[in-house]
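K.L.:
Below you'll find the structure I mean.
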Amino acid sequence: MAKSIFQESLKLTGLPGATAGTRYVGGTVAGAPTIGSFLVGDFIVDQSGAMYVCTVAGTPGTWQLSGVSVNENIAGKNFVINGGMDIWQRGTSFSGLGTGTYMADRWQLNTASTTTTSQITSGISNIQYAMRNQRTSGSTTVATNYIAQTLETKNSIPMAGQTVALSFWARAGANFSSASNALNATVVYGTGTDQNVYNVLTGSTGVIAQTATLTTSWQKFSYSGPVGSTATQVALFFNWATTGTAGANDYLDITGVQLEIAPQATSFSRAGGSIGGELALCQRYYYAINAANAYNSSTYTSFGMGAATSTYAIIQINMAQTMRTAPTLATQSSAASTLSIGILGLTGVAVTSYAITQSNPYLVAIQAFCSGFSNYQSVGMYAANTTSAYIGFTAEL
């Protein structure tokens, strides 16, 4: 017959020097306990994965965060670039965008012409900005609207055969016209290479397909699902259908979008770990030189240097980051009339048209047509006394 083990027979064991008493006393939703009595050495684990240790006994005692909390901005945890809606190189407000048009960096949009998409301040702790899709009050246009991000193959392959968690914050205006205040959240994977979800991924297979019911207050939603072992590309999108006549507060706000390898969602982190890292990731796909955003918002911002002939100049422009592939001119590029060619930094003759003549992921050569120069003169291309001048380069999927 087995012997009973009495409490009196239990004693502390451990390696020499590590025999002080300690107890695991349970968990909390977030942070250290705020009620209850605890002893020195008691420890808990909250639902974000952070561990706290009691260092002074009491009710509830004094607690010390132990180790690195998962609330830290960990670069690379989030596969969604610009999930916090921080970077808007193309501008911060758009109306009447067509199918698959990029606006906030890395995000494609398809909405009705009566919808305005813009950056707003979120008011959420630790997430500064959000994306708002505002339907024009009184509009009777109905449509299915999409916000999407397609990940390139290099960033998708690590998710093959893994369980992933999608999380995001969302809310709706009091007059949000989507039936039942529904926002559909979807993650899919494909077996092609560097495709675009708007053109359908080869072998497209669902990973997550859930419907969030929105209110006028921010809510965090999270879902998980398995990515197939053959996946070479992953994409996510949100869609909602507008109905009836738009009211004054017919809008959708969304931010804090995160896709991570995990059985359940953790706290939001930028993909780049910092605002500088996030900008660098965005500039892998799109890069704009913008006079309005230049130092002191210069009306004579320099775009690049080069050499002239009697009819054109070749201007070399270095990319801020190594781009995904050789870039092309973006459709939002500046009108030639906002640019000029000058000698030794002085503004000069107008640019009548321009185009890329050579391109690689590191630099671009622009042929800018102009007149009045001699062969081999050193020249620069500048904003023509305006802050509206900009040139955009795209290497998007």
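The values are calculated or read from the model by the stated rules, or taken from the named source; none is laboratory data. Owing to the predicted nature of the structure, the values given are computational and were not obtained by experimental measurement. Backbone-built Cβ (ideal geometry, glycine too); neighbour counts: all protein chains shown.
K.L.:
Assess whether Val364 counts as being in contact (Cβ under 8 Å) with a residue 12 or more places away in the chain, surrounded by 15 or more Cβ atoms within 10 Å (Cβ to Cβ), in contact with a Cys (Cβ under 9 Å, 6 or more places away or on another chain) and hydrophobic (A, V, I, L, M, F, W, C). If you could, list the steps in order and put the result at the bottom.
P.N.:
Numbers: in contact (Cβ under 8 Å) with a residue 12 or more places away in the chain: yes; surrounded by 15 or more Cβ atoms within 10 Å (Cβ to Cβ): yes; in contact with a Cys (Cβ under 9 Å, 6 or more places away or on another chain): no; hydrophobic (A, V, I, L, M, F, W, C): yes.
No: the conditions fail for Val364.
K.L.:
For region 232-255, name all the residues that are of a type in the set (S, T, N, Q), under 17 Å from Thr150 (Cα atoms) and assigned to a strand (DSSP E or B). Before you say what the answer is, go through the steps one by one.
P.N.:
Step one: list which residues in region 232-255 are of a type in the set (S, T, N, Q), which gives 232-233, 239, 242-243, 245, 249, 255.
Okay, now just the ones that are also under 17 Å from Thr150 (Cα atoms), so 232-233, 239, 255.
Passing the criteria: Gln233, Asn239, Thr255.
K.L.:
Here's something else I'd like to know. Which one of Ala271, Ala265 is modelled with pLDDT under 95 and either surrounded by 15 or more Cβ atoms within 10 Å (Cβ to Cβ) or touching a Leu at 6+ places or on another chain (Cβ under 7 Å) (or both)? Give the steps one after another, and end with the answer.
P.N.:
Numbers: Ala271 fails: modelled with pLDDT under 95.
Going through Ala271, Ala265 in turn, just one is modelled with pLDDT under 95 and either surrounded by 15 or more Cβ atoms within 10 Å (Cβ to Cβ) or touching a Leu at 6+ places or on another chain (Cβ under 7 Å) (or both): Ala265.
K.L.:
Still on this structure, I have one more. Could you list, in sequence order, the residues of region 202-216 that are assigned to a strand (DSSP E or B) and either of a type outside the set (Ser, Thr, Tyr) or in contact with a His (Cβ under 7 Å, 6 or more places away or on another chain) (or both)? Talk me through it step by step, then tell me what you get.
P.N.:
At the first step, the residues of region 202-216 found to be assigned to a strand (DSSP E or B) are 205-213.
Scanning region 202-216 gives Gly206, Val207, Ile208, Ala209, Gln210, Ala212.
K.L.:
Let me ask something additional. Which members of region 170-187 meet the condition of being under 12 Å from Thr215 (Cβ atoms) and not small (Gly, Ala, Ser)?
P.N.:
Arg171, Phe176, Asn181, Leu183
K.L.:
Still on this structure, please answer the following. Scanning region 223-248 for residues that are closer than 25 Å to Gly100 by Cα and polar (S, T, N, Q), which turns out surrounded by the fewest Cβ atoms within 10 Å (Cβ to Cβ)?
P.N.:
Our first condition is that a residue be closer than 25 Å to Gly100 by Cα; within region 223-248, this holds for 223, 227, 231-246.
Filter again for polar (S, T, N, Q), leaving 232-233, 239, 242-243, 245.
Working: Thr232: 21, Gln233: 29, Asn239: 16, Thr242: 25, Thr243: 12, Thr245: 15.
My answer is Thr243.
K.L.:
So which of Ser334, Ser302, Ser310, Ser298 is touching a helix residue (DSSP H, G or I) at 6+ places or on another chain (Cβ under 9 Å) and in contact (Cβ under 8 Å) with a residue 60 or more places away in the chain?
P.N.:
Working: Ser334 fails: in contact (Cβ under 8 Å) with a residue 60 or more places away in the chain; Ser302 fails: touching a helix residue (DSSP H, G or I) at 6+ places or on another chain (Cβ under 9 Å); Ser310 fails: touching a helix residue (DSSP H, G or I) at 6+ places or on another chain (Cβ under 9 Å).
On inspection, the qualifying residue turns out to be Ser298.
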